[in-house]
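See structure below.
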Amino acid sequence: TAYDKAAQSLLNKLIRSNLVNTTNQVEVLQRDPTSPLYSVKSFEELRLKPQLLQGVYAMGFNRPSKIQETALPMMLAEPPQNLIAQSQSGTGKTAAFVLAMLSHVDPENKWPQCLCVSPTYELALQTGKVIEQMGKFYPEVQLVYAIRGNKLERGTKLQEQIVIGTPGTVLDWCQKLKFIDPRKIKVFVLDEADVMIATQGHQDQSIRIQRMLPKTCQMLLFSATFEDTVWNFAKRIVPDPNIIKLKREEETLDTIKQYYVICNSKEEKFQALCNIYGAITIAQAMIFCHTRKTAGWLAGELSREGHQVALLSGEMQVEQRAAVIERFRDGKEKVLVTTNVCARGIDVEQVSVVINFDLPVDKDGNPDNETYLHRIGRTGRFGKRGLAINMVDSRFSMNILNHIEEHFNKKIEKLDTDDLDEIEKIAN
Ligand SMILES: Nc1ncnc2c1ncn2[C@@H]1O[C@H](COP(=O)(O)OP(=O)(O)OP(=O)(O)O)[C@@H](O)[C@H]1O
């Protein structure tokens, strides 16, 4: 659902503290004939305002990411170029368009000049944080959130140069309430187009906003995926676009050691887990369970054993889930227990040990190879070595394991968790 997509996107942003590495090259699918052909290897080449260059470096960025190398010259060109860009989460899209917005603002002008729409309140706040960080040395530029709950007095004329919000509120502020004069907007950003169109009404609202903007306004659209629906929407939002795309790095199981453990009950699985913890040092692990009930139970048992456990569960609100993810990312908790559904699509690259307390199955109970790969797999040659342990408690789950093993044609070794020496070996 749309809610899940947005939540997933937010959690992915939060759990990641770094760029996603990629060996793939950016493909330019379509080019505005006046578009600059060069890409940049350094931020200096972009001739950014010194305050912004300072902001970029203060964020710890040394050089542009893959997508930024190509996207930034297009976005910062004069006259401004329109852009549709697709690349997976964590490749630097947000940082790129934030830099473009900050570069195009005239701080002397006390009215909205850049408009950015995001699918949800939480995602808007997240982007806002990036604007604040990058604009840290450029305090003349101000930001305002057009989100539900941010009530302004009638007749207000906004003085902030950058507005970030959700489509409904942005549309109201432009049209009904006239807090923003859309004709004065120079840069329009539509972020997370794939998530956006999953929400009823957002597509229409976005198009209605776009129609109020001047012809000369720069239009930028970003998406992590590119189905036909996204594509059709993108072309309605962005006229005469440059279109660039960065292929997703394929995940592999090549650098992963995979094991399975035979147990007869969830209690035995828990015991096996304790034995593993007793034998090897695990910096951070993620444990997947099939149901909320199991996840809750396991989290309880693990805390009783003295582990610092975080629990991510389906009934939690997005903010609660976000808080859990952030604590885990910051190392405040060492074990994250979650349900299969709740963590679907979340990238856990920095976690070195993944435990399938229950094996991933789809809603019909068939082996879910894709989810297995996404959880355990690592991308390309950057992938750190990882360890995956699967708990098997029935003929049924053994069968699933066999299918997964066959599907990937990668051996999953049996592990006897009563044998400490044997467990110790898997850590090497
Ligand atoms: N050039 C860069 N050098 C180093 N780190 C960067 C660079 N650009 C972005 N980052 C960092 O990498 C992470 C991902 O970047 P960003 O959020 O811009 O990606 P994204 O493609 O928009 O992904 P998402 O849609 O998940 O936000 C962030 O932590 C960001 O601070």
Worksheet item: Could we say that Thr166 is more than 27 Å from Pro79 (Cβ to Cβ) and modelled with pLDDT under 95 here?
Response: no
Fill in: Some residue of segment 47-54 being within 13 Å of the ligand (Cβ to nearest atom) and either more than 29 Å from Ala322 (Cβ to Cβ) or buried (at least 23 other Cβ atoms within 10 Å of the Cβ) (or both)
yes
Worksheet item: What number of residues within segment 385-407 satisfy the criterion of being in contact with a helix residue (DSSP H, G or I) (Cβ under 7 Å, 6 or more places away or on another chain) and surrounded by fewer than 18 Cβ atoms within 10 Å (Cβ to Cβ)?
Response: 1
Discussion item. Suppose we filter segment 193-210 for residues that are away from the ligand (no atom under 16 Å from the Cβ) and crowded, with 19+ Cβ neighbours inside 10 Å; how many remain?
Written reply: 7
Worksheet item: Across segment 399-428, what is the total count of residues that are assigned to a loop (DSSP other than H, G, I, E, B) and in contact with a strand residue (DSSP E or B) (Cβ under 9 Å, 6 or more places away or on another chain)?
Response: 7
Worksheet item: Taking segment 54-90, which residues are more than 23 Å from Lys13 (Cα to Cα) and within 25 Å of the chain's Cα centre (by Cα)?
Response: Pro73, Met74, Leu76, Asn82
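Output the number of residues of segment 34-46 satisfying the condition of being over 18 Å from Leu220 (Cβ atoms) and either surrounded by fewer than 19 Cβ atoms within 10 Å (Cβ to Cβ) or in contact with a His (Cβ under 8 Å, 6 or more places away or on another chain) (or both).
6
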Response to the item:
Within segment 152-190, residues under 26 Å from Ala234 (Cβ atoms) and part of a loop (DSSP other than H, G, I, E, B) come out as Gln161, Thr166, Gln175, Ile180, Asp181, Ile185, Lys186
Discussion item. For segment 74-150, give me every one of the strands (runs of 3 or more DSSP E) that falls completely inside it and has 3 or more residues that are closer than 25 Å to Ala323 by Cβ and modelled with pLDDT of 95 or more.
Written reply: 143-146
Worksheet, complete the sentence: Of (1) crowded, with 23+ Cβ neighbours inside 10 Å; (2) within 18 Å of Val170 (Cα to Cα); (3) out of contact with any helix residue (DSSP H, G or I) (no Cβ under 6 Å at 6 or more places or on another chain), Cys114 fails just (3)
Worksheet item: So Gly90 fits all but one of (1) at positive phi; (2) crowded, with 16+ Cβ neighbours inside 10 Å; (3) more than 16 Å from the ligand (Cβ to nearest atom); what number is the exception?
Response: (3)
Fill in: Selection count, segment 1-30, where residues are touching a strand residue (DSSP E or B) at 6+ places or on another chain (Cβ under 9 Å) and either closer than 12 Å to Val318 by Cβ or assigned to a helix (DSSP H, G or I) (or both)
1
Worksheet entry | Unique match (being within 23 Å of His104 (Cα to Cα), surrounded by 15 or more Cβ atoms within 10 Å (Cβ to Cβ), touching a strand residue (DSSP E or B) at 6+ places or on another chain (Cβ under 8 Å) and free of Cβ contacts under 8 Å to residues at least 24 places away in the same chain) among Leu143, Leu190, Leu213 | Leu143
Discussion item. Condition check: touching a residue at least 40 places away in the same chain (Cβ under 8 Å) and closer than 19 Å to Leu221 by Cα. Does Pro80 satisfy that?
Written reply: yes
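Taking only segment 14-33 into account, find how many residues are modelled with pLDDT of 85 or more, surrounded by 15 or more Cβ atoms within 10 Å (Cβ to Cβ) and away from the ligand (no atom under 16 Å from the Cβ).
Selection size over segment 14-33: 1.
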Discussion item. Among the residues of segment 63-71, are any in a loop (DSSP other than H, G, I, E, B), of a type in the set (Lys, Arg), farther than 24 Å from Val26 by Cα and out of contact with any Pro (no Cβ under 9 Å at 6 or more places or on another chain)?
Written reply: no
Worksheet item: Is segment 260-272 home to any residue that is more than 30 Å from Pro79 (Cα to Cα), free of Cβ contacts under 8 Å to residues at least 60 places away in the same chain, away from the ligand (no atom under 16 Å from the Cβ) and touching a helix residue (DSSP H, G or I) at 6+ places or on another chain (Cβ under 7 Å)?
Response: yes
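Checking the structure you have, find out if any residue of segment 57-70 is away from the ligand (no atom under 12 Å from the Cβ), over 21 Å from Ala234 (Cβ atoms) and surrounded by 24 or more Cβ atoms within 10 Å (Cβ to Cβ).
No, the conditions are met nowhere in segment 57-70.
The values are calculated or read from the model by the stated rules, or taken from the named source; none is laboratory data. Being a predicted model, the structure only gives us computed values, none of them experimental. Quick reminder, even Gly has a Cβ in these numbers, built from the backbone with ideal geometry, and neighbours come from all protein chains shown.
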